[in-house]
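I have placed the structure first, in the form of structure tokens, so that the comments after it can refer back to it.
The values are calculated or read from the model by the stated rules, or taken from the named source; none is laboratory data. This one's a predicted model, so the numbers in the text were calculated from it and none came from an experiment. Quick reminder, even Gly has a Cβ in these numbers, built from the backbone with ideal geometry, and neighbours come from all protein chains shown.
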Amino acid sequence: MSILEELHALRAEGLGAISAASELTALDAVRVAYLGKKGSLTGVLRGLAGLSADERPAVGKASNEVRDALEAAIEKRRAALSATALASRLIAEAVDVTLPGRRRAPGHQHLIERVTREIVEIFAGIGYRVAEGPECELDYYNFTALNTPQDHPARNASDTFYVEDLSGDVAAVAGESDVMLRTQTSPVQVRVMEKTTPPIYILSPGKVYRRDVADPSHLPQFTQIEGLVVDEGITFGDLKGTLEHFAHEMFGPSRKVRLRPHFFPFTEPSAEVDVSCHVCDGAGCRMCKQSGWLEVLGCGMVDPNVFGYVGIDPELYSGFAFGMGAERIAALKYGVPDLRHFVESDMRFLRQF
């Protein structure tokens, strides 16, 4: 078969393959097979070297005609396939405007935000106001002004997140920095007492940070809510009555409340508050570890040394303070066994509330 015959056969074969291509990817494969560097037309043209000078013009002309014909057919077929693909896509993505709309699931407050607001509302109902302060706090407000000794374990870098100190250097260990992420919202109380003349009735909710490994009962970041009262004639009885009111409002009027002696650097005397277990009603179960009680918060009378840092006369005024974690309150109220559920964004858990 001569080269001219091969070219005519190649043209007919190529046009047939182009017409048979049903997708753009298949058409591109045909183009490469016939017109690519290793394509069929290129292979035929390699035989031009063996032709005489008289034959080459005719063969060259014929090869150009074959190439032009194949390229024109490919472009025409590409346009047709593109139009077909677009039409199919428009049909597939068509929106029937007569169909009813799809209802979107309404969002709602996170359980911790809801519990925090509920706690704030309880205390707002008996005259407390909300006070706020910086989350990045000075050592003085977070520890010193709260009567925390220099050798207290909470000051160690193993317990507290220290950040850049006042000179701009990054602190490696405790004692090298004056700045930290607050470990409690008690610094807000100090700042308020510095600027406010008693009587003081405040609640300070906010995020706090500690070097804890997340486990069922601890989180490195959580929401703490602390309260402070400073006024004339405040007694431990006022503290007990206030916290009993809170416990009954939050957990129900049938829950019993008890206070156990404890120690905090900034209160004296200090106590921890328990409520009777809602599962066993105080009889003892796995939830309360057979004790019948669930720990809720810590509290105590403000240590006179703290008043000394803020210029309040301890002979004239007395006060009490208390603090609780919103995550722990939520866990106790709703029977959540693991605090990590509150931060894992598992919608199966969150939708329950």
**Every pair of residues 6+ apart whose Cβ atoms lie under 6 Å, when the first sits in the range 275-291 and is among the β-branched types (Val, Ile, Thr) while the second is modelled with pLDDT under 80** = 279/287
**Message:** If residue 318 meets every condition in (1) under 35 Å from the mean Cα position of the chain (by Cα); (2) surrounded by 19 or more Cβ atoms within 10 Å (Cβ to Cβ); (3) over 29 Å from residue 207 (Cβ atoms) apart from one, which number is that one?
**Reply:** (1)
**Message:** Suppose we filter the range 294-338 for residues that are closer than 19 Å to residue 256 by Cα, modelled with pLDDT of 90 or more and in contact with a Cys (Cβ under 7 Å, 6 or more places away or on another chain); how many remain?
**Reply:** 1
**Message:** Go through the range 226-274 and report how many residues are basic (Lys, Arg) and touching a residue at least 24 places away in the same chain (Cβ under 8 Å).
**Reply:** 2
**Item:** Output for the range 211-228, where each listed residue is surrounded by 17 or more Cβ atoms within 10 Å (Cβ to Cβ) and more than 13 Å from residue 323 (Cβ to Cβ)
**Value:** 219
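Residue-by-condition table, conditions (1) assigned by TED's automatic domain parsing to the domain that holds residue 123; (2) in contact with a Phe, Trp or Tyr (Cβ under 6 Å, 6 or more places away or on another chain); (3) more than 17 Å from residue 299 (Cα to Cα):
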{"residue": "196", "(1), (2), (3)": "yes, no, yes"}
{"residue": "204", "(1), (2), (3)": "yes, no, no"}
{"residue": "207", "(1), (2), (3)": "yes, no, yes"}
{"residue": "211", "(1), (2), (3)": "yes, no, yes"}
{"residue": "217", "(1), (2), (3)": "yes, no, yes"}
{"residue": "220", "(1), (2), (3)": "yes, no, yes"}
{"residue": "227", "(1), (2), (3)": "yes, yes, no"}
{"residue": "233", "(1), (2), (3)": "yes, no, yes"}
**Conditions (1) modelled with pLDDT of 95 or more; (2) acidic (Asp, Glu); (3) closer than 17 Å to residue 310 by Cα; number of the one not met by residue 139** = (1)
**Fill in**
Restricted to the range 61-99 and to residues being under 30 Å from residue 3 (Cα atoms) and of a type in the set (S, T, N, Q), the residue surrounded by the most Cβ atoms within 10 Å (Cβ to Cβ) is 63
**Request:** Would you mind stating whether residue 134 is at pLDDT 90 or above and not in a helix (DSSP H, G or I)?
**Result:** yes
**Message:** Checking the structure you have, find out if any residue of the range 77-98 is of a type in the set (D, E, K, R) and assigned to a loop (DSSP other than H, G, I, E, B).
**Reply:** yes
**Asked** Residues that are closer than 26 Å to residue 196 by Cα, outside the structural domain of residue 227 (by TED's automatic domain parsing) and not β-branched (Val, Ile, Thr): which strands (runs of 3 or more DSSP E) entirely in the range 256-336 hold 2 or more of them?
**Response** none
